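One structure is given below, encoded as structure tokens.
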Amino acid sequence: MFAPDQYQLLDFGDGRRLERFGPLVLDRPCPTAEKQAKADPAIWQRADARFVRAGDKRGAWVCRGDLPDRWTIAHGPLTFELKRTEFGHLGLFPEQAANWDWIDRRVRRALVPGPARAAHAPAPRRVLNLFAYTGGSTLAAAGVGAEVVHVDAARNVVAWARRNAELSGLGQAPVRWIADDALKFVKRELRRGARYDGVILDPPSYGHGARGEVWRLARHLPRLLSMCGPLLADGGGWVLLTCHTPGFDAPRLAAMLGETLGPGRVTADAMALASGAGRTLPSGAVARWERAADRV
């Protein structure tokens, strides 16, 4: 969870969401709020900027006053640079904070030997983050001692993630920053015999790789997950999968992990954000797979 002075969901409804990121209140489109009414219409007058879509996925921000182009917010020891993009994004998905906390606990526990761990299972240290975006999960793992390989197809987004690492005091952390297509990278890692103790995936519904490769979640995700299994180190391993694509809810993600990764403990939940009025905004789904001998 973010501290209240760093992020708050103020209200949502009529296909939009009103949020405060640090000092700025922003009004953005939100498909999951299409069929709901705003709880407090008056509060929307507080918005410092409103994103208006054009004919495609792009659009423009209509700002009130002179606003900073970039600013930062923090989640615990991690600091994130935000900016208003032409797609209405800011460089951070606040519903992921609970997953960053899980990664922190998961890696922290794995790095401290204890009687609950099987004698044959080495402490997991290497983490692969696919579709890694601006690096929230990468920083959560690196911040507690993991070696991380951060992979995203967009070079400018990888550069953004590196700035977040510098802002968080992790500029010298053992992170490999890679701009590449996730499927192609995983294939090469398998040929090289690489092994990881944890794999994180946050795939988009649709996208393009670094060299124009087409990604369609419904078609390519099962194949990618099946390749992640052989990447996991013997005697341990976990996979964290999040998704914002309609139709890919928590039970479906859990079933996909079980089918592609084999025996293990699978947990899954809907991701959501709570407003100040106590209402819940659906925000995707998460599923986690852990080998029985290696689970938290």
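Since every read-out is calculated from the coordinates, none of them should be taken as a lab result. Because the structure is predicted, anything quoted here is derived from the model rather than measured. Quick reminder, even Gly has a Cβ in these numbers, built from the backbone with ideal geometry, and neighbours come from all protein chains shown.
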(request) Report, to the nearest 10°, how far helix 97-110 tilts away from the longest principal axis of the Cα atoms in the chain, using its own Cα long axis and a range of 0 to 90°. (result) 20 degrees
(message) Under a Cβ-only charge scheme (Lys and Arg +1, Asp and Glu -1), can you give me the dipole magnitude of segment 7-83 about the Cα centre, in debye to the nearest 20?
(response) 180 debye
(request) For the chain, give the share of DSSP beta bridges that are antiparallel, in percent and rounded to the nearest 5; count only bridges with both residues there. (result) 65 percent
(message) Taking θ = phi - 60°, what integer Hz values does the Karplus form 6.51 cos²θ - 1.76 cosθ + 1.60 yield along segment 177-194, in sequence order, with x for Gly and Pro?
(response) 9, 10, 9, 6, 6, 4, 4, 5, 5, 5, 4, 5, 4, 5, 5, 7, x, 5
(message) At a 10 Å Cβ-Cβ cut-off, how would you order MET256, MET227, MET1, fewest neighbours first?
(response) MET1, MET227, MET256
(request) With the Cα gyration tensor of segment 94-294 in hand, convert its eigenvalues to equivalent ellipsoid semi-axes via √(5λ) and list them largest first in whole Å. (result) 22, 21, 20
(request) Return the distance in nm (one decimal) between the two label points of a simple spin-label model at ALA37 and ASP249, each offset 7 Å from Cα along Cα→Cβ. (result) 2.5 nm
(request) May I ask you to derive the FRET efficiency for ARG279 and GLU213 from their Cβ-Cβ distance with R0 = 51 Å, giving the value to the nearest 0.05? (result) 0.85
(message) Can you compute the helix-only [θ] at 222 nm over the chain? Use -39500 (n - 2.57) per DSSP H run of at least 4 residues, normalise by all residues, nearest 500 deg cm²/dmol.
(response) -7500 deg cm²/dmol
(message) Please list 3J(HN,Hα) in residue order for segment 85-92, calculated via the Karplus relation 6.51 cos²θ - 1.76 cosθ + 1.60 where θ = phi - 60°; whole Hz, with x for glycine and proline.
(response) 9, 6, 9, x, 8, 10, x, 7
(request) Using Cα pairs closer than 8 Å and at least 6 residues apart in sequence, work out the relative contact order for segment 158-240, in percent. (result) 34 percent
(request) Measure nothing fancy, just the Cα-based angle from helix 217-231's long axis to the longest principal axis of the chain, in degrees from 0 to 90, nearest 10. (result) 40 degrees
(message) When the expected Rg is taken as 2.2 N^0.38 Å, what fraction or multiple of it is the alpha-carbon Rg of segment 1-59?
(response) 1.14
(message) With an 8 Å Cα cut-off and a minimum separation of 6 or more residues, compute the relative contact order for segment 94-294 in percent.
(response) 19 percent
(message) If I model a spin label as a point 7 Å beyond the Cα along the Cα-Cβ vector, how far apart are those points for ARG53 and ALA159 in nm?
(response) 2.9 nm
(request) Neighbouring Cβ atoms within 10 Å as the yardstick, rank PHE21, PHE93 fewest first. (result) PHE93, PHE21
(message) Taking a cut-off of 21 Å, what percent of all Cα-Cα pairs in segment 1-145 are separated by more than that?
(response) 53 percent
(request) Compare the Cα positions of ILE73, LEU10, ALA54 along the charge dipole of segment 7-83 (+1 at Cβ of Lys, Arg; -1 at Cβ of Asp, Glu; about the Cα centre) and return the one farthest towards the positive end. (result) ALA54
(message) Based only on other Cβ atoms within 10 Å, what is the fewest-to-most ordering of THR134, THR79?
(response) THR79, THR134
(request) Please give the net charge around HIS208, taking every other residue with its beta carbon less than 11 angstrom from that of HIS208, where Lys and Arg add +1 and Asp and Glu add -1. (result) 0
(message) Test of understanding: what is the full-extension gain from LEU190 to ASP69, defined as 0.36 nm times their sequence separation minus their Cα-Cα distance?
(response) 39.4 nm
